[in-house]
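Structure, as structure tokens:
The values are calculated or read from the model by the stated rules, or taken from the named source; none is laboratory data. On a predicted model such as this, the values are computed, not experimentally measured, just so you know. Cβ sites come from the backbone with ideal geometry, for glycine too, and all protein chains shown count toward neighbours.
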Amino acid sequence: MNETVRSAWYWNRDFGLYTRQPAPRLDRPTTACRVLDLPDALLREAVATHEAGHAVLALHLGARLTCVSVADDLGRGPGAPGPVGRVDYEPNPAEPVRGILLASAAGERAQDRWLRQADLWTEDRAWVVEILAAQDRAVIERTVRLAHPDGPTYGVGDDPAVDLAALHDYVDVWLRDLWDQVMVLAAALNRCGTLTGAQAAAAIGLTVNDGTSASGVAA
């Protein structure tokens, strides 16, 4: 452990990232879905909440949102597992770094909050939520290192632009204040599977800066 990581975080060598929760003790190889142990209807709701978290934060931060979707097969189609959801957006050019950091962190934090509110939260499920956010975490890491080459840190500072725990705490406040909108959008996404940026914004009563191309991708 080094000075950039508080001991309360756990290193996951197989996945190459730190998590707040320890890895489950498993007696045999398994999959993320089996550890989550949710019926498909609840799993789809969890994924929709994750993507809605990304989308709502992106919209409120002035992003150009193109599309938000949940895979009909929840990523379990033929061949290798695919993405279970996706948000395509272009961050607000006035503050792109802040927009990318907050929107990228909002998916896993929304899903964690949903588990707690549904009385489904366990350490093992929360760990899976973190592991499945590996792509989002990679975006956060690359973005932090644009200004802080030694970042990010984990639970040792209070700057959301550098420390992941501080970023999570900051995003949690946003999600608390916007939770009704996250739930409304998650329900619409659960019903429809795919929404354009304009449809997503309309669902939560916003006007969107809609476009045909996007440079940001959240999973």
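Return the residues of the range 12-50 that are in contact with a strand residue (DSSP E or B) (Cβ under 9 Å, 6 or more places away or on another chain), of a type in the set (V, I, T) and part of a helix (DSSP H, G or I); say none if nothing qualifies.
Across the range 12-50, the qualifying residue is only V47.
Only one of L17, L36, L59 is of a type in the set (A, V, I, L, M), surrounded by 16 or more Cβ atoms within 10 Å (Cβ to Cβ), touching a residue at least 40 places away in the same chain (Cβ under 8 Å) and within 21 Å of Q181 (Cβ to Cβ). Can you tell me which?
L59
Filter the range 185-219 for residues that are β-branched (V, I, T) and within 23 Å of L132 (Cβ to Cβ); which is modelled with the lowest pLDDT?
V217
On the given criteria, is L206 over 27 Å from R34 (Cβ atoms) and part of a helix (DSSP H, G or I)?
In short, no.
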